[in-house]
Amino acid sequence: MPTDRALDNRRNTELLRAELPAARYVDERYLHWLYDENPYGPAIQRGVDEDDVRVAHYALIPQRYRGPDGVVPAAFSLHAVTRSGTQRKGYFRELGAEIYEEASTAGWQLSSGVCNDKSIGAVTKYMGWKTPGPLPVKLCVPMHTGRGVTSHAVDAALLDSDRFAELTAGLDDFTVRQWTNSYTTEYLRWRLACPSTQFALHASDDLVAVTTTDTRFGVRAVVLLKLLRRGDSPARPERVIAAACRYHRAPYAVYAGFNARVHVRGIQPPRKLQPSPLHLILRSLSPAIDQDALTLDTFEFLDMDAY
């Protein structure tokens, strides 16, 4: 197995492009950003090669989760991929055991992840994960004028600006009952520099939203990636939803997940119109975290790698 990170990124990118075709895997820039530039440190990852060809790969990227007693090192699980024809060799379980042990030794406390219908059974039965079920999906139509909301295209200039620091200051300062991803300005600056997605920020006096767009059945939709409440006053997400739809010139917005501090109103689309469900999975990496009691306050698209 190569130890050079650039070579690892190239081999992993080729495997992901072959098994999970997506524009983000066109070259190794995405994995370099994801695995090597995270402000919390490099990914913990493993790969298996056969005849100098990468046939299996798995990674945890570092995050920070905040609970009632403070912030702890955490992770997001992703890219559990084996090359077609090698699925029955047990690589995933082997790599997982090594990665979880390394993460635990490094002091990482817990991990979240998502998986599809095909893999949820094996992940929960053999890999030590639990699931609260599939993420709920809502369709939201504009129900407000959107006044009082400013919208900003996210680019390198904005991320480096004082304005970005002002928009994101204090968004992580609130009380939690369970675990939630910790969104500091530093972490958001890195997360929104993802080379494969064009983001926008929408800010009102009570809420900051991160959005992008997607196209379903030929119609552009706003994708609500993250809703970050300012302060303890009640938030009105309908304002930023309307502003985001106007900004992106989209007739509706899609929201997946849940948020203990922001209640999103919408309708659940028929099953046949929904994408394949994403199952939230959770795993303790430390004796300090009770697996049975492990629960999240909030989990949304920006907390994972969907965009």
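Structure notes:
Results for (1) open to solvent by 40 Å² or more (accessible area, probe 1.4 Å); (2) at pLDDT 95 or above; (3) in a strand (DSSP E or B), shown as yes or no for each residue.
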site: 18; (1), (2), (3): yes, yes, no
site: 34; (1), (2), (3): no, yes, no
site: 45; (1), (2), (3): no, yes, yes
site: 55; (1), (2), (3): no, yes, yes
site: 62; (1), (2), (3): no, yes, yes
site: 72; (1), (2), (3): no, yes, yes
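- Annotation note: Cβ proximity below 6 Å between a residue of region 19-32 that is basic (Lys, Arg) and a residue that is assigned to a helix (DSSP H, G or I) (sequence gap 6+ or interchain) occurs for 24/30.
- Condition met for residue 173 (within 23 Å of residue 259 (Cβ to Cβ), without any contact (Cβ under 8 Å) to a residue 12 or more places away in the chain and part of a loop (DSSP other than H, G, I, E, B)): yes
- When residues of region 177-191 are limited to those that are open to solvent by 10 Å² or more (accessible area, probe 1.4 Å) and either of a type in the set (Val, Ile, Thr) or assigned to a loop (DSSP other than H, G, I, E, B) (or both), the one nearest to residue 109 (Cα to Cα): 178
- Residue 288 meets all of the listed conditions (1) surrounded by fewer than 16 Cβ atoms within 10 Å (Cβ to Cβ); (2) hydrophobic (A, V, I, L, M, F, W, C); (3) closer than 24 Å to residue 151 by Cα but one, namely (3).
- Cβ-Cβ distances below 8 Å connect the following pairs, each with a first residue in region 287-300 that is more than 17 Å from residue 129 (Cβ to Cβ), a second residue that is open to solvent by less than 30 Å² (accessible area, probe 1.4 Å) and among the charged types (D, E, K, R), and a separation of six or more residues or different chains: 300/226.
- Residues in region 213-227 that are open to solvent by less than 10 Å² (accessible area, probe 1.4 Å) and not charged (D, E, K, R): 221, 222, 223, 224, 225, 227.
The values are calculated or read from the model by the stated rules, or taken from the named source; none is laboratory data. Remember, it's a predicted structure, so these values are computed and weren't measured experimentally. Every residue, glycine among them, receives a Cβ derived from its backbone with ideal geometry; neighbour counts consider all protein chains shown. With ligands, DNA and RNA removed, areas are computed over all heavy atoms of the protein, side chains included. Shrake-Rupley method; radii C 1.70, N 1.55, O 1.52, S 1.80 Å.
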